[in-house]
Protein chains: 2
Amino acid sequence: MNGAVSVVKTLLSSGVDTCFANPGTSEMHFVAALDQTRGMHCVLGLQENIATGMADGYWRIARRPASTLLHCGPGLANGLANLHNARRARSGIVNIVGDHATYHRLHDPALSMDTEALARTVSSWVRTSTSVERVGHDTASCVQAARAAGGQVATLVLPSNVSWDEGGVSVDGFSDLARAPIDAFAVDNVARVLRERENVLMLLAGDAASEVGLALAWSVAEATGARLMVDYLNPTIARGRGRVPIERVPYSTDLAIEAFARFEQIVLVNSKGPVGFFAYPGKPSMQYAPASQLHVLSRPDQDAIQALRALTSALGARRAAAPSTGERPTIAAGAPTPERLAQTVAALLPENAIVADESISYGRGFYRLTHAAAPNDWMHLTGGAIGYGLPVATGAAIAARRQRRVLSLQADGSGMYTLQALWTQAREKLPCTTIVLANRKYNILVGEYKAVGALPGPTAMQMLDLGNPALDWVKLAAGMGVEAARAENMEQCADLMSGSFKRDAPFLIELLI
Amino acid sequence: MNGAVSVVKTLLSSGVDTCFANPGTSEMHFVAALDQTRGMHCVLGLQENIATGMADGYWRIARRPASTLLHCGPGLANGLANLHNARRARSGIVNIVGDHATYHRLHDPALSMDTEALARTVSSWVRTSTSVERVGHDTASCVQAARAAGGQVATLVLPSNVSWDEGGVSVDGFSDLARAPIDAFAVDNVARVLRERENVLMLLAGDAASEVGLALAWSVAEATGARLMVDYLNPTIARGRGRVPIERVPYSTDLAIEAFARFEQIVLVNSKGPVGFFAYPGKPSMQYAPASQLHVLSRPDQDAIQALRALTSALGARRAAAPSTGERPTIAAGAPTPERLAQTVAALLPENAIVADESISYGRGFYRLTHAAAPNDWMHLTGGAIGYGLPVATGAAIAARRQRRVLSLQADGSGMYTLQALWTQAREKLPCTTIVLANRKYNILVGEYKAVGALPGPTAMQMLDLGNPALDWVKLAAGMGVEAARAENMEQCADLMSGSFKRDAPFLIELLI
């Protein structure tokens, strides 16, 4: 077999059966290998940031890696922003990047860049495979790296001659590397803090925001009086009825500082010390009070569930029932407001749905108004690189094998970054509902601009305004094969949402806000 | 003044008066500075690869740099592919990238990447400005670097605190760095080759493909019997009636090898030894015959015009009239074919138009059938990173101050990479006509796949086919405020083209091929 066939066979034997691809010439042998093997589900994205975002969404829901297949150099560059988000989400991705033949790239052909330099900016593991005999082995190592430490971006660079040369050897999947163990001393130390000190906050991230993690943390909170909070941005949080309703760190630096002010002790559970998203003149970088003490229960590369279990044991904390999330609200009426939209989402969201939240400024308040929705997994923009929403929603729907409704709450400015994902939703007939929050401006920047000190003048406003001409999302969606309609009030929005949830295909609602 | 104001003032005093922007929070002080100064034309792109591609197109036509304004980390990443194309085009770009405050980024906030590592992959000059007193000076240095060596990507990283701190000093523009001089010995040597040897090819690139460069090269050819060829990919070539009709190196490795086979001596005029775009099994990387001798008249960083003038003097070559390009053809009728489209373009193209050619597989034959068009500047995809066409066309129209018609010959697969550029065309009311060549597949890859050895099977074809669902470019364009219509035959296409050329606004034709 050639190298490409050995790569595909090794991926399959390593449990990687989904490939999000945008291939080019240097990847044609890989594509040919797909016809010579069975079992790989290939999903095409019309630009690489779609492919990498889908791989991120896939991991967040499936908790196992998919592969990408990207074109050399600029192909990888186009997909970096969503790989950055994936890195911040700690999503495991087997990131396969084609490249020129090893002997060809030294001639600096037009389409060559420093592939490894690009890859290193987002990857925990990078290897260029240079021999056909070893490429199967390298592939298995790449999958192993993608699964390690709770999930990592692992990049395998695949020169075209290594793909086409004969002599490939496929390899059985390697066993998982052990995660760094939880330290018993650290657990005891945190238990002592929780027993003996006042004003303790447990700041949760990663798997600590899963249903099991939240339940364990809640038991600790009930036993000790500690308070709980999750990071502002999370790969997924288990939310809705029956899950522990937990507040996020606020986005605003001032509000975050206020939220942390009263906590003298902060226990980090897979989180890191809270850093402001941006710096602002005269405001600190770190959001906790200078006198606060940080205690690490578990690092992001460790297993939060294991750490929380050990902590409940050390404390003798009994399992506590999750507090009630209250009555599920009913749908709202009238002109769209953030509160009414959140209420309507909480009212209508189907059981076990997945929410891809890229609502940016409009959605700041969605979170606290949706605790009483049906059980769901809620996803955030972990790395702040806008344009994550539609691709991650698409990959999540594929990971859920089309069995779960995916709802995108999508700001219009960010949505334009990766609108091509809608085409993949149509092609794969995915149960994705997108609500585009059409305010026709970069509203977050209008807010940030005001923080600079003044109202934007005409030149500045030109940079923040998307209304001239107005984007027509109904036409954009239709142009990519996705049915769509416009809603100007909450009644229309609720009707379209309900209707879309019954469809076996994507649907887009442009909500004029 | 604060640092941001000193940057904007320094840009203006350095002759940079156009900024292609997609700013974020860390760039808000720069945006605010735009309202405090006069004279900067800011153009918004809805994704960074639009902004960087526009800056490339601007240089190709204006021959002076514009600046970009990109958001930190992933913002730069999103714009890298078109910066790569710009680097290969040797386009001068003042690439301004915001970043976190210097003291903030050490805390590794979510939206931080290794900005300089990303920048180095495409830039000849990279500097992070770390003090408000120096940022004006750094800006002037950046502009100087962008103009140097015939045009370079120069990246200035601008931390937000350097923007907002008071104490900025604006600087008068620095004078241009001298280009590396033409070597008289090299000129004499090439003159001797041209006088004394047979089967000499002059391979032209960069400024040698300008109207003046081609005329000088033609004079040399007429005086010595040498043959002329231009690179396969060129930033701009002066074409049409009255210009020297010159053939390109073919894309296909086999055809290129055939084209070079008979040349024993190859004189490089700002070109490099011809390298295949990709490697293929059993085919060489270099396209010239192994026994061929390469002679460097001028390197890409030198001035080709100066070199060619020196060469005509050394040879005593007299100015020769350009050969006739023949009769301008008339418009074609019937079902679309590449030949009929090329003929129709040649018939209808207005005087002094600009052509952005990203026609990929369909357009392989366009070039030789359009020699008899009205005089025009024809642009290519220099770096092979697809998605250059629409942004570069947009930037070119702005450089031409809306006074020249820009025609995009745009493959559909590549067009989807950066379709957001259409919105900027609508907002800026640019005289851009786009013909989308809608074959609804990655046809170049179908060809490349066949070179692998077989017809694509069902899984592979799924990766190469864009027809399920079919993209509707008329709706996509309308969704971004660009009027559009579909053409199914050449008569309709010609009608729509003619009509569009009279408009003071963009228009898109989806040509079903």
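For the reader, a short list of remarks on this structure follows.
- Among the residues of region A:62-76, those that are more than 18 Å from the chain's Cα centre (by Cα) and touching a residue at least 40 places away in the same chain (Cβ under 8 Å) comprise A:69, A:70, A:71, A:72, A:73, A:75, A:76.
- When we screen A:226, A:238, A:256 for residues that are touching a Pro at 6+ places or on another chain (Cβ under 7 Å) and either of a type in the set (Lys, Arg) or more than 12 Å from residue A:308 (Cα to Cα) (or both), the only hit is A:256.
- Those residues of region A:453-463 which are surrounded by 21 or more Cβ atoms within 10 Å (Cβ to Cβ) and in a helix (DSSP H, G or I), in sequence order: A:460, A:463
- Among the conditions (1) open to solvent by 30 Å² or more (accessible area, probe 1.4 Å); (2) more than 15 Å from residue A:123 (Cα to Cα), the only one that residue A:144 does not satisfy is (2).
- Of the residues A:46, A:69, the single one that is outside any helix (DSSP H, G or I), over 23 Å from residue A:116 (Cα atoms) and either within 9 Å of chain B (Cβ to nearest Cβ) or at pLDDT 95 or above (or both) is A:46.
- Selection count, region B:478-493, where residues are more than 7 Å from every other protein chain (Cβ to nearest Cβ) and part of a helix (DSSP H, G or I): 4
- Candidates in region B:1-50 are the residues that are buried (at least 22 other Cβ atoms within 10 Å of the Cβ) and acidic (Asp, Glu); of these, the one that is nearest to residue B:422 (Cα to Cα) is B:48.
- Per the conditions (1) within 25 Å of residue A:223 (Cα to Cα); (2) modelled with pLDDT under 95, the sole criterion not satisfied by residue A:365 is (1).
- Candidates B:86, B:149, B:119 - the one that is more than 10 Å from every other protein chain (Cβ to nearest Cβ), of a type in the set (A, V, I, L, M) and free of Cβ contacts under 8 Å to residues at least 60 places away in the same chain: B:119
- Test: residue in region A:122-129 that is surrounded by fewer than 18 Cβ atoms within 10 Å (Cβ to Cβ) and either modelled with pLDDT under 95 or within 12 Å of another protein chain (Cβ to nearest Cβ) (or both): no
- Search result, residues across region A:219-231 that are closer than 17 Å to residue A:371 by Cα and either crowded, with 24+ Cβ neighbours inside 10 Å or among the acidic types (Asp, Glu) (or both): A:230, A:231
- Summed over region A:1-21, residues that are in a helix (DSSP H, G or I) and not charged (D, E, K, R) total 10.
- Region A:441-460, subset more than 9 Å from every other protein chain (Cβ to nearest Cβ) and aliphatic (A, V, I, L, M), residue nearest to residue A:45 (Cα to Cα): A:446
- Within region B:364-388, restricting attention to residues that are more than 14 Å from chain A (Cβ to nearest Cβ) and under 11 Å from the mean Cα position of the chain (by Cα), the residue that is surrounded by the fewest Cβ atoms within 10 Å (Cβ to Cβ) is B:378.
- Per the conditions (1) more than 15 Å from the chain's Cα centre (by Cα); (2) within 13 Å of chain A (Cβ to nearest Cβ); (3) not hydrophobic (A, V, I, L, M, F, W, C), the sole criterion not satisfied by residue B:10 is (2).
- Within region B:319-336, being open to solvent by less than 30 Å² (accessible area, probe 1.4 Å) and within 20 Å of residue B:203 (Cα to Cα) holds for one residue alone: B:320.
Condition check ((1) of a type in the set (Lys, Arg); (2) at pLDDT below 95; (3) touching a His at 6+ places or on another chain (Cβ under 8 Å); (4) over 18 Å from residue B:357 (Cα atoms)) across all residues:
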| site | (1), (2), (3), (4) |
| --- | --- |
| B:425 | no, no, no, no |
| B:429 | yes, no, no, yes |
| B:443 | no, yes, no, no |
| B:456 | no, yes, no, yes |
| B:459 | no, yes, no, yes |
| B:466 | no, yes, no, yes |
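- Hits in region B:401-430 (condition: more than 14 Å from chain A (Cβ to nearest Cβ), of a type outside the set (Lys, Arg) and open to solvent by 10 Å² or more (accessible area, probe 1.4 Å)): B:403
- From the list A:483, A:488, the one residue that fits, being more than 16 Å from residue A:425 (Cα to Cα) and open to solvent by 50 Å² or more (accessible area, probe 1.4 Å), is A:488.
- One residue stands out in region B:346-363 among those that are farther than 30 Å from residue A:46 by Cβ and out of contact with any Ser or Thr (no Cβ under 7 Å at 6 or more places or on another chain): the one that is surrounded by the fewest Cβ atoms within 10 Å (Cβ to Cβ), namely B:351.
- Residue A:437 being open to solvent by less than 10 Å² (accessible area, probe 1.4 Å), hydrophobic (A, V, I, L, M, F, W, C), in a strand (DSSP E or B) and in contact with a strand residue (DSSP E or B) (Cβ under 8 Å, 6 or more places away or on another chain): yes
- Residue check for residue B:325: β-branched (Val, Ile, Thr) and either within 29 Å of residue B:366 (Cβ to Cβ) or free of Cβ contacts under 8 Å to residues at least 60 places away in the same chain (or both): yes
- Just one of (1) touching a residue at least 40 places away in the same chain (Cβ under 8 Å); (2) touching a Gly at 6+ places or on another chain (Cβ under 7 Å); (3) within 7 Å of another protein chain (Cβ to nearest Cβ) fails for residue A:436. It is (3).
- For region A:89-102, the criterion of being crowded, with 24+ Cβ neighbours inside 10 Å, of a type in the set (Ser, Thr, Tyr) and more than 14 Å from residue A:146 (Cβ to Cβ) is met by no residue.
- Only one entry in A:502, A:475 is open to solvent by 10 Å² or more (accessible area, probe 1.4 Å), free of Cβ contacts under 8 Å to residues at least 24 places away in the same chain, among the basic types (Lys, Arg) and facing another protein chain (nearest Cβ under 7 Å), namely A:475.
- Candidate set: region B:76-88, residues that are within 24 Å of residue B:144 (Cα to Cα) and not aliphatic (A, V, I, L, M); chosen: the one most open to solvent (accessible area, probe 1.4 Å): B:87
The values are calculated or read from the model by the stated rules, or taken from the named source; none is laboratory data. Small disclaimer: the values here were computed from a predicted structure and weren't measured. Counting neighbours? That spans all protein chains shown, and the Cβs are built from the backbone with ideal geometry, glycine included. SASA here: full protein model, heavy atoms, side chains in, ligands and nucleic acids out. Shrake-Rupley method; radii C 1.70, N 1.55, O 1.52, S 1.80 Å.
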